[in-house]
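The values are calculated or read from the model by the stated rules, or taken from the named source; none is laboratory data. Everything numeric here is computed off the predicted structure, so don't read it as measured data. Every residue, glycine as well, gets a Cβ built from its backbone with ideal geometry; the counts of neighbours run over all protein chains shown.
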Amino acid sequence: MVLEEGLCELCITNIVAAELQATVNRSFPKYADSVETMLSQFGVLELPTPDLELQQEAKEVCVDLYDAPVLASAIQASKLHGINYLLSNDFETFHTDEMKAYLATHNLQPVSLYGLLKLLKV
């Protein structure tokens, strides 16, 4: 409803889409087609490979190194497309005080799905 009414725009980067597809294919293979359908409905924002400096910064601040590409893509999306929030329910990686401070330097704020709904007052 929020998306349909234009109250919020969801930006899924190619890096996030690839991670989502790999996770679903590995852990929930019967839903692989549904993920493809969802991604095609929302569209995927193709971003260039982050430069080495940004990749290194992301690795240094991420608790889980596998999350570094997601972080780098969020920063790129913020710089290139004005994205304001990093939507994630990964509290161990994206909602720590250190991460919040780092994201603030890139004009990003981490938000959970519940937090997003509260922001939108849905």
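One line per residue, one yes/no per condition, for (1) free of Cβ contacts under 8 Å to residues at least 40 places away in the same chain; (2) more than 22 Å from E4 (Cα to Cα):
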position: I15; (1), (2): no, yes
position: E19; (1), (2): no, yes
position: R26; (1), (2): yes, yes
position: S34; (1), (2): yes, no
position: E92; (1), (2): yes, yes
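Scanning segment 43-63 for residues that are among the charged types (D, E, K, R) and loosely packed, with under 15 Cβ neighbours inside 10 Å yields E46, D51, E53, K59, E60.
Residue-by-condition table, conditions (1) assigned to a loop (DSSP other than H, G, I, E, B); (2) crowded, with 17+ Cβ neighbours inside 10 Å; (3) in contact with a helix residue (DSSP H, G or I) (Cβ under 7 Å, 6 or more places away or on another chain):
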position: A17; (1), (2), (3): no, yes, yes
position: A22; (1), (2), (3): no, no, no
position: T37; (1), (2), (3): no, no, no
position: A77; (1), (2), (3): no, yes, no
position: L86; (1), (2), (3): no, yes, yes
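On inspection, P50 does not qualify as modelled with pLDDT of 95 or more, farther than 22 Å from M1 by Cβ, in contact with a helix residue (DSSP H, G or I) (Cβ under 8 Å, 6 or more places away or on another chain) and not in a helix (DSSP H, G or I). Summed over segment 88-118, residues that are surrounded by 12 or more Cβ atoms within 10 Å (Cβ to Cβ), more than 20 Å from L20 (Cα to Cα) and not polar (S, T, N, Q) total 8.
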